[in-house]
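A short write-up of the structure that comes next.
The values are calculated or read from the model by the stated rules, or taken from the named source; none is laboratory data. Everything numeric in this text was worked out from a predicted model, so none of it was measured. Using ideal geometry, Cβ is built from the backbone for each residue, glycine included, and neighbour counts are taken over all protein chains shown. For the accessible areas, the whole protein counts, side chains as well, though only heavy atoms, and no ligand, DNA or RNA atoms are used. Shrake-Rupley method; radii C 1.70, N 1.55, O 1.52, S 1.80 Å.
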Amino acid sequence: MEIPPQVEAKIAQKQQYAWDSGLIQGFIWYVNNVINSARQVSKRNVEVGIGGQAYSVNFEGYVSYAGEYDGTVRLFGEAKQLLFELALGGYTESRSYFQWNTRGTSAQGAVTAFIEGPWVEQFLSHVSALKVDRENKAEQNRKIADQKSVEDLKNKFGLP
């Protein structure tokens, strides 16, 4: 199939915008930290409310015994309209830990569907808020662990 140059150029612009806006990176973070944080082979649908709208995030991921992994994350809006699709993959020598990422040399080329709209900013704000929340919880847990360590040391040495 021959794609007309003007169509190819517009697709490339949208793919570049997906990178420049942080959307590709946001989806990769979302998959690795929210959808599939256990880094397991899975097929998941997650319903999420963003900016007062209901969205569905669909993730499918597969890992071969050779250590190659392939996946796809899709965002659906109202009436199940496909808004965004990103091909993921990579290779690892350790099946126990890997990060989902875009496959190949061009992250922009991993965008296989993209319909722009207000959801882009809403999704990016949602991801940003999730990151801040996780960082705050991690800091709070560190402080609790540090405090417990000090208390344990004091107890071990009979200090008040």
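Cβ separations smaller than 7 Å between residues 6+ apart or across chains give the following pairs from the stretch 94-116 residues that are of a type in the set (Lys, Arg) to residues that are open to solvent by 20 Å² or more (accessible area, probe 1.4 Å) and modelled with pLDDT of 85 or more: Arg103/Ala87. Counting only strands (runs of 3 or more DSSP E) wholly contained in the stretch 53-159, the ones carrying 3 or more residues that are in contact with a Gly (Cβ under 8 Å, 6 or more places away or on another chain) and of a type in the set (A, V, I, L, M) occupy 82-91.
The rows are residues; the columns are (1) of a type in the set (Asp, Glu); (2) open to solvent by 70 Å² or more (accessible area, probe 1.4 Å); (3) in contact with a strand residue (DSSP E or B) (Cβ under 7 Å, 6 or more places away or on another chain); (4) within 13 Å of Leu86 (Cβ to Cβ).
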position: Glu8; (1), (2), (3), (4): yes, yes, no, no
position: Gln13; (1), (2), (3), (4): no, yes, no, no
position: Gly26; (1), (2), (3), (4): no, no, no, yes
position: Val31; (1), (2), (3), (4): no, no, yes, yes
position: Val46; (1), (2), (3), (4): no, no, yes, no
position: Gly49; (1), (2), (3), (4): no, no, no, no
position: Asn58; (1), (2), (3), (4): no, no, yes, yes
position: Ala66; (1), (2), (3), (4): no, no, no, no
position: Asp70; (1), (2), (3), (4): yes, yes, yes, yes
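Among residues belonging to the stretch 65-85 that are at pLDDT 95 or above and of a type in the set (Phe, Trp, Tyr), point out the one that is nearest to Ala18 (Cα to Cα). So, considering only residues that are at pLDDT 95 or above and of a type in the set (Phe, Trp, Tyr), the one nearest to Ala18 (Cα to Cα) is Phe84. Among residues of the stretch 136-160 that are surrounded by 10 or more Cβ atoms within 10 Å (Cβ to Cβ) and among the hydrophobic types (A, V, I, L, M, F, W, C), none has a beta-carbon under 6 Å from a residue that is in a helix (DSSP H, G or I) and at pLDDT below 85 at least six positions away or on a different chain.
Taking each residue of the stretch 60-88 that is closer than 14 Å to Thr112 by Cβ and looking for partners that are assigned to a strand (DSSP E or B) and among the acidic types (Asp, Glu) with beta-carbon atoms closer than 8 Å, six or more apart or interchain, yields Gly71/Glu60; Thr72/Glu60; Thr72/Glu85; Val73/Glu85; Arg74/Glu85; Leu75/Glu85; Ala87/Asp70; Leu88/Asp70. Scanning the stretch 92-115 turns up one or more residues that are of a type in the set (A, V, I, L, M, F, W, C), in contact with a helix residue (DSSP H, G or I) (Cβ under 7 Å, 6 or more places away or on another chain), open to solvent by less than 70 Å² (accessible area, probe 1.4 Å) and modelled with pLDDT under 90.
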